[in-house]
Structure formats: structure tokens, C-alpha cells
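The values are calculated or read from the model by the stated rules, or taken from the named source; none is laboratory data. Values in this document were obtained by computation on a predicted structure and should not be read as measured data. Heads up, the Cβs are rebuilt from the backbone with ideal geometry, glycines too, and the neighbour counts pull from every protein chain shown. These accessible areas exclude ligands, DNA and RNA; they are computed on the full protein's heavy atoms, side chains included. Shrake-Rupley method; radii C 1.70, N 1.55, O 1.52, S 1.80 Å.
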Amino acid sequence: STANAPEDDAANRYTRTDRTGYSRYSRDANSSGGSIPSNALEKRIEELERELAKERQENVRLMKVTQDKEELIGKLREEIDLLNR
């Protein structure tokens, strides 16, 4: 269960950030006077959301790889200690 904890934390952190980010961007877009068509903004937001989702998946994958390697390093250190005795 400890292996899932960092991923859950990361997912929750991103969710909170997204909610805050969306409301901020919505206000900025509305206050700009509509210099850019809202259709283009919506498409750009969707594009950025897809890119963000891919980056999150990659981040979770890298975190898992890092955790696996740290566990392997710990096991190897223990084995080295045993061999040195």
C-alpha cells in the first residue's frame, strides 16, 4: 500500500492545482475583452489538458521507476553488508 501512496498524493495535488488554475484562466480570458476567440481558447485549453495528462502519466511512471531503483539499492546495500561480515 505504500507504493500507491506517492501516486495518490500526486494525483490529488494535480487535481487541486487544476481547479485553481482553471478558475484563474477563466477570469483572465473573460477580462481580456475577447481579443482571442473563445473557440480558439477552448481548443488550446483542451490541447494543454491533454499534454498535461501525458506529463502526469510520465511523472507517475518516473516516480515508480525511481522508487523501484531505491528499493533495489537498499537490498543491494544489505547484501553487501552481509557479504562484508
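Within the accessible surface of the range 36-84, defined with a 1.4 Å probe on protein heavy atoms only, the carbon and sulfur portion equals 56 percent. Along the range 57-69 the Karplus relation, 6.51 cos²θ - 1.76 cosθ + 1.60 evaluated at θ = phi - 60°, assigns HN-Hα couplings of 4, 5, 4, 5, 4, 5, 4, 5, 4, 4, 4, 4, 5 Hz to successive residues, with x for each Gly and Pro. Rounded to the nearest 20 debye, the dipole magnitude of the range 36-84 is 160 debye, with +1 charges on Lys and Arg beta carbons, -1 on Asp and Glu beta carbons, and the Cα centre as origin.
Accessible area per residue for the range 36-84 is 90 Å², calculated with a 1.4 Å probe on protein heavy atoms, without ligands, DNA or RNA. Please state the shape class of the range 36-84: rounded when a/c is under 1.5, otherwise prolate if a/b exceeds b/c and oblate if not, all from the C-alpha gyration tensor. Note, shape of the range 36-84 comes out prolate. Among the lysines of the range 36-84, pairs that are 8 or more positions apart or on different chains and have alpha carbons within less than 30 Å of each other number 4. Considering only Met63, Ile36, Ile80, and ranking their Cα positions along the charge dipole of the range 36-84 that arises from unit charges at the beta-carbon of Lys, Arg, Asp and Glu, the one farthest toward the positive end is Ile36. Once both labels are positioned 7 Å from their Cα atoms along Cα-to-Cβ, the gap between Val65 and Ser38 label points is 4.2 nm.
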